[in-house]
Every structure is written in C-alpha cells, then in structure tokens.
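Trainee: Dropping the structure in here first, questions after.
The values are calculated or read from the model by the stated rules, or taken from the named source; none is laboratory data. The structure displayed is predicted, hence computed values, not measured ones. Cβ sites come from the backbone with ideal geometry, for glycine too, and all protein chains shown count toward neighbours. The area values use the complete protein model at the heavy-atom level, side chains included, leaving out ligands, DNA and RNA. Shrake-Rupley method; radii C 1.70, N 1.55, O 1.52, S 1.80 Å.
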Amino acid sequence: MPLVCTVDVEDWAQSTLDTEMPISERAGPNMERVLDVLAEENVKATCFVLGKFAEKFPACVKRIAAEGHEVASHGYGHVDVFRLTPTQFREDVRRSKQQLENLAGAAVKGYRAPDFSIVKESLWAFDVLAEEGFVYDASINPAVLARFGVPDFPAQPVRLALAGGSSLVELPVATLPVLGRKFPVAGGGYHRLLPFPAIRWVVERAVLAGEVFMAYCHPYEFDPDEFAHLGFSLPLKTRLHQGLGRRGFAGKFRRMLREFETQLAIQIAERPDWPAHVLAG
C-alpha cells in the first residue's frame with residue numbers, strides 16, 4: 001500500500017486560536033509554497049480545503065485543482081464537529097462542498113473534520129456526510145489522544161454500514177501500534193518533532209505490511225517565521241508547542257515524498273475491497 005499525502009488547507013491563528021478571527025494574509029502564500037514543493041517533487045496530494053480559506057484565496061483553490069491535486073472539504077469554519085448540531089453540521093459541509101465544487105469544477109468526494117473532531121459523541125456526522133454525497137471521510141484519529149481520537153476504531157480503511165443502507169469509506173490517519181495501543185505518528189506536530197529516520201521507519205513499517213499510511217500536514221508548518229509577524233504576543237508554551245520544528249519541516253516532507261510512492265485519498269477510498277464496519281452503539 002502507498003503513502004497518502006494530505007494537506008489540511010487552513011490558517012494557523014484562525015484554526016488554532018479563535019475560529020472567529022479572519023484568515024491571515026500568510027495563509028495563501030503558505031499554501032502556494034506547499035504547492036511549489038509538490039510540483040518540484042512531482043507528487044499529487046489530497047487537499048482538505050477550509051471554506052473560509054477558499055473565500056479569501058479562490059485562485060489558490062483553482063491552482064490546487066488545475067495541478068491535479070484532489071480538492072476535498074475541511075468544512076467551512078473550522079468549528080469542531082461535536083460543538084455543532086446535526087443541522088449546523090449539514091449546513092457547514094453543504095456550504096463548503098458547493099463552494100469548492102464551483103471553484104474546482106469537479107465533484108468533492110472527501111471530507112476531513114477540523115481537529116479530527118468526529119469522536120464517539122459525534123459519529124452521527126457519518127450519516128450526514130453520506131446523505132450530502134461524500135464518498136469518504138478522513139476524520140478519525142484512532143490513537144490514544146488527550147483531547148480527541150477514537151482509540152477502539154480500526155486503524156485501516158473500512159466501509160461504514162450506515163442507516164438506510166448507505167455507506168461511507170473511513171480513511172483513518174496513520175498510527176503506530178505499541179503494546180496493544182495505537183499512538184499518533186501521521187504528521188503535523190509529530191513530524192515536526194520526530195527526526196526523519198523515525199518518520200521513515202513508521203511509514204516503511206506500514207507500507208511493507210501492506211497498510212495505508214495516511215499522512216497529513218498544514219501549510220503553516222512550512223512557515224517558520226509566522227509568529228514574528230502575528231502582531232500580538234504568544235505564551236512561550238504556545239510558541240514551543242505550535243512552532244518547534246517548523247524550520248526543518250519542509251526538508252523532512254520532501255524526503256518522505258521522495259522515498260515513498262503516493263496516491264490520492266479518493267484512489268484509496270474507491271477500492272472495492274475494504275471490509276465492512278458497523279458502528280458500535
């Protein structure tokens with residue numbers, strides 16, 4: 001199985017500090033930088049684009065589609081799914097899907113929740129996604145996490161059997177099994193902090209085992225100077241937690257893309273042989 005390279009196309013401050021903040025001017029150039037790297041490495045990625053980002057940088061979304069990357073939805077406002085009612089969630093994903101389809105000129109088939117926020121309390125979101133025409137979801141982090149995650153969820157893709165006979169393929173992000181538990185290794189801060197030999201080892205372990213390695217990153221991880229241009233101060237803990245390792249991230253990202261074959265998330269989702277999975281409860 002291949003590596004699946006995914007990008008959550010969002011703005012750091014708006015997605016991390018306050019979802020009511022406007023998308024910053026740096027968000028677009030940061031994503032352009034990611035697209036430049038992907039073009040130089042001749043790799044296609046799945047880009048889960050936030051609606052608010054698409055509103056501010058429509059030309060960037062058009063470039064994503066024009067260069068052969070998959071345009072998928074990251075919702076509209078980057079609000080955790082479990083903070084929304086089913087009606088609010090439906091309005092959010094419908095708005096995002098229509099918006100991105102108009103910009104990309106193609107059907108949007110995939111969705112990823114902000115902060116992987118489809119958790120046990122919000123599994124109802126799968127039914128909404130299927131009803132809204134999505135083919136797959138990539139929101140589950142089946143790892144042991146302090147805030148989010150569904151540790152008892154399968155670590156590899158499954159076809160969810162939903163109400164009314166509908167179905168949706170779930171593509172969970174990559175984890176590392178250790179002593180019966182699953183730990184996060186898929187990307188983002190974990191790849192900022194891990195040395196590249198460790199990243200290579202976890203990806204290679206999955207690929208050699210015939211497993212899908214669903215990796216992810218964010219455009220702001222390619223911007224080591226962002227905090228110096230925010231216009232407001234940040235606590236030291238936030239600077240370290242959110243900024244440490246950014247300067248070396250692009251280099252590790254390039255090396256990962258050079259060493260492993262990649263596919264788009266939709267190519268994985270459309271395989272017919274994923275086992276069925278019935279949601280508990």
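Trainee: Have a look at 197, 177, 219 and point out the one that is free of Cβ contacts under 8 Å to residues at least 24 places away in the same chain, over 27 Å from residue 159 (Cα atoms) and not β-branched (Val, Ile, Thr).
Mentor: Sole residue among the options that is free of Cβ contacts under 8 Å to residues at least 24 places away in the same chain, over 27 Å from residue 159 (Cα atoms) and not β-branched (Val, Ile, Thr): 197.
Trainee: For residue 187, which of the numbered conditions (1) buried (at least 22 other Cβ atoms within 10 Å of the Cβ); (2) over 28 Å from residue 18 (Cβ atoms) fails to hold?
Mentor: All conditions pass for residue 187, except number (2).
Trainee: Restricting the search to segment 208-237, which residues are open to solvent by 40 Å² or more (accessible area, probe 1.4 Å) and either under 21 Å from the mean Cα position of the chain (by Cα) or under 20 Å from residue 8 (Cβ atoms) (or both)?
Mentor: Those that are open to solvent by 40 Å² or more (accessible area, probe 1.4 Å) and either under 21 Å from the mean Cα position of the chain (by Cα) or under 20 Å from residue 8 (Cβ atoms) (or both): 211, 224.
Trainee: Name the single residue, out of those in segment 121-134 being small (Gly, Ala, Ser) and surrounded by fewer than 22 Cβ atoms within 10 Å (Cβ to Cβ), that is farthest from residue 70 (Cα to Cα).
Mentor: Here the residue is 122.
Trainee: Kindly state which helices (runs of 4 or more DSSP H) lie completely within segment 1-106 and contain at least 1 residues that are more than 30 Å from residue 203 (Cα to Cα) and of a type in the set (Lys, Arg).
Mentor: Those helices (runs of 4 or more DSSP H) span 51-56, 58-66, 86-104.
Trainee: A further question on this structure: Exactly one condition in (1) part of a helix (DSSP H, G or I); (2) open to solvent by 10 Å² or more (accessible area, probe 1.4 Å); (3) of a type outside the set (D, E, K, R) is not met by residue 151; state its number.
Mentor: Among (1) part of a helix (DSSP H, G or I); (2) open to solvent by 10 Å² or more (accessible area, probe 1.4 Å); (3) of a type outside the set (D, E, K, R), residue 151 violates only (1).
Trainee: Right, here's the next one. Which members of segment 85-114 meet the condition of being among the charged types (D, E, K, R) and closer than 18 Å to residue 54 by Cα?
Mentor: 91, 92, 94, 95, 97, 101, 109, 112 - these are the residues of segment 85-114 that are among the charged types (D, E, K, R) and closer than 18 Å to residue 54 by Cα.
Trainee: Looking only at segment 138-148, which residues are buried (at least 22 other Cβ atoms within 10 Å of the Cβ) and of a type in the set (Val, Ile, Thr)?
Mentor: Passing the criteria: only 140.
Trainee: Right, another one. I'm trying to understand the selection: among the residues of segment 247-268, which are surrounded by 17 or more Cβ atoms within 10 Å (Cβ to Cβ), closer than 16 Å to residue 192 by Cβ and either free of Cβ contacts under 8 Å to residues at least 60 places away in the same chain or under 16 Å from the mean Cα position of the chain (by Cα) (or both)?
Mentor: The answer is 249, 253.
A quick yes/no check of all residues on (1) on the phi > 0 side of the Ramachandran plot; (2) surrounded by fewer than 20 Cβ atoms within 10 Å (Cβ to Cβ); (3) free of Cβ contacts under 8 Å to residues at least 12 places away in the same chain:
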| site | (1), (2), (3) |
| --- | --- |
| 163 | no, yes, no |
| 168 | no, no, no |
| 182 | no, no, no |
| 201 | no, yes, yes |
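Trainee: Follow-up. Taking segment 66-120 only, how many residues are buried (at least 23 other Cβ atoms within 10 Å of the Cβ), of a type in the set (Val, Ile, Thr) and under 19 Å from residue 18 (Cα atoms)?
Mentor: Adding up the residues that qualify gives 1.
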